């Protein structure tokens, strides 16, 4: 009996391994159209691989998924972050937790994770076919599928079960082959991207970062708080990336043309900030405004905001006119950055969209429309914010799909 997995990424490998380990009598074939296996695993986290996020309960995990949160509650009960840590530990890979909750291998090398998956697949007897494409998938009358493969391993391959783990795709046409199997697709749009600000008032400050700021999209109910990084093309950092995930569809509808408003000191309101500056004037009246940053803000950022408020280099606090102080308050609480386009975050392309979850049994990841057809990973309409959440969804859906495939020897 043969089962097949399409896609040599995180979800595909996890599914293939779970299936092969769960039923050693099955022939499990993993098919990857390129010559590269686990490519996203290798590049993620700056080459360190953010495997998962420290979360003890499904309730903690699901808060970080703009799409799929409700449907992932039960799957995370079956295989959550704690299970992921144990799975890798049992195979010789120890994970460590960083202060922000992200979890990496103690080697700080993504190759450790990739090699672990390759070794586990090999030990379980998974057959791996690279540079091989499933050109055609035919549903057989007696159940199962006939795959027409081209490339290095060209052949007709009958399989009892099929797991699709081909990842997210940026163009809707790339899902047509799945539509032909009867499934509907939530239109794919980008998620996890940075903001292009070609006319940024901060363009001379690339590399400047603030550990906690609030970024809001003008006129929308979209905002996120966290670290912000000024780049040569605009604005980045975890707050921006997470905001892009939660606002993926709305920002797409806006054509990525809007205004980002940055509050560099989110603990302050306009009233409390004005009072704070007033209190500051007394003991520090003879200090120049531009050269003496407040609130722990970087010197370069403070200087730029003060200068753009019209404050001269020699202006002292006790000489600061109310009009210029008001401009400074506005700059600190609402720096306006005209967004014109987006930039993919490093090489980690994540899509919002994919196979509709209404058509999937989330306990087995099996199609409700096509018996024997399973899905896992980013091909589903599931996506998380940065921090290891997309990998966790891949491990969970891959594991449950693989386990279900291993338990059924043939389609009835």
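Worth a mention:
- Residue check: residue 358 meets all listed conditions (1) within 30 Å of residue 44 (Cα to Cα); (2) outside the structural domain of residue 161 (by TED's automatic domain parsing); (3) part of a helix (DSSP H, G or I) but one, namely (2).
- Among residues of the stretch 122-153 being assigned to a loop (DSSP other than H, G, I, E, B) and surrounded by 20 or more Cβ atoms within 10 Å (Cβ to Cβ), the one that is farthest from the chain's Cα centre (by Cα) is 144.
- Among the candidates 343, 351, the residue that is surrounded by fewer than 22 Cβ atoms within 10 Å (Cβ to Cβ), at pLDDT below 95 and touching a strand residue (DSSP E or B) at 6+ places or on another chain (Cβ under 6 Å) is uniquely 343.
- Residue tally, condition over 27 Å from the mean Cα position of the chain (by Cα) and either over 26 Å from residue 338 (Cα atoms) or in a helix (DSSP H, G or I) (or both), over the stretch 251-310: 32
- Condition met for residue 166 (under 26 Å from the mean Cα position of the chain (by Cα) and crowded, with 16+ Cβ neighbours inside 10 Å): yes
- Residue 368 more than 18 Å from residue 214 (Cβ to Cβ), in the same structural domain as residue 42 (by TED's automatic domain parsing), in contact with a helix residue (DSSP H, G or I) (Cβ under 7 Å, 6 or more places away or on another chain) and exposed (fewer than 15 other Cβ atoms within 10 Å of the Cβ): yes
- Pairs, first farther than 27 Å from residue 369 by Cα in the stretch 143-158, second surrounded by 18 or more Cβ atoms within 10 Å (Cβ to Cβ) and modelled with pLDDT of 95 or more, C-beta under 7 Å, six or more apart: 151/132; 151/133; 152/129; 152/132; 153/129; 153/132
- Any hit, the stretch 337-348, residues being touching a residue at least 60 places away in the same chain (Cβ under 8 Å), closer than 30 Å to residue 188 by Cα, touching a helix residue (DSSP H, G or I) at 6+ places or on another chain (Cβ under 9 Å) and part of a strand (DSSP E or B): yes
- When 236, 209, 200, 244 are checked against the criterion of being in contact (Cβ under 8 Å) with a residue 60 or more places away in the chain, over 19 Å from residue 389 (Cβ atoms) and buried (at least 18 other Cβ atoms within 10 Å of the Cβ), a single residue qualifies: 200.
- Qualifying residue in the stretch 308-321 (condition: crowded, with 17+ Cβ neighbours inside 10 Å, touching a helix residue (DSSP H, G or I) at 6+ places or on another chain (Cβ under 6 Å) and closer than 30 Å to residue 252 by Cα): no
So that you can scan it fast, the table gives a plain yes or no per residue for (1) loosely packed, with under 15 Cβ neighbours inside 10 Å; (2) out of contact with any strand residue (DSSP E or B) (no Cβ under 8 Å at 6 or more places or on another chain); (3) outside any loop (DSSP other than H, G, I, E, B):
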| residue | (1), (2), (3) |
| --- | --- |
| 45 | no, no, yes |
| 56 | yes, yes, no |
| 61 | no, no, yes |
| 70 | yes, yes, yes |
| 83 | no, yes, yes |
| 93 | no, no, no |
| 103 | no, no, yes |
| 114 | no, yes, yes |
| 120 | no, yes, yes |
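- Checking residue 21 against (1) over 22 Å from residue 374 (Cβ atoms); (2) part of a helix (DSSP H, G or I), the condition it does not meet: (1)
Residues checked against (1) closer than 17 Å to residue 338 by Cα; (2) at pLDDT 95 or above:
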site: 190; (1), (2): no, no
site: 195; (1), (2): yes, yes
site: 198; (1), (2): yes, yes
site: 205; (1), (2): yes, yes
site: 208; (1), (2): no, yes
site: 234; (1), (2): yes, yes
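The values are calculated or read from the model by the stated rules, or taken from the named source; none is laboratory data. Note that this is a predicted model, so its numbers are computed, not measured. Using ideal geometry, Cβ is built from the backbone for each residue, glycine included, and neighbour counts are taken over all protein chains shown.
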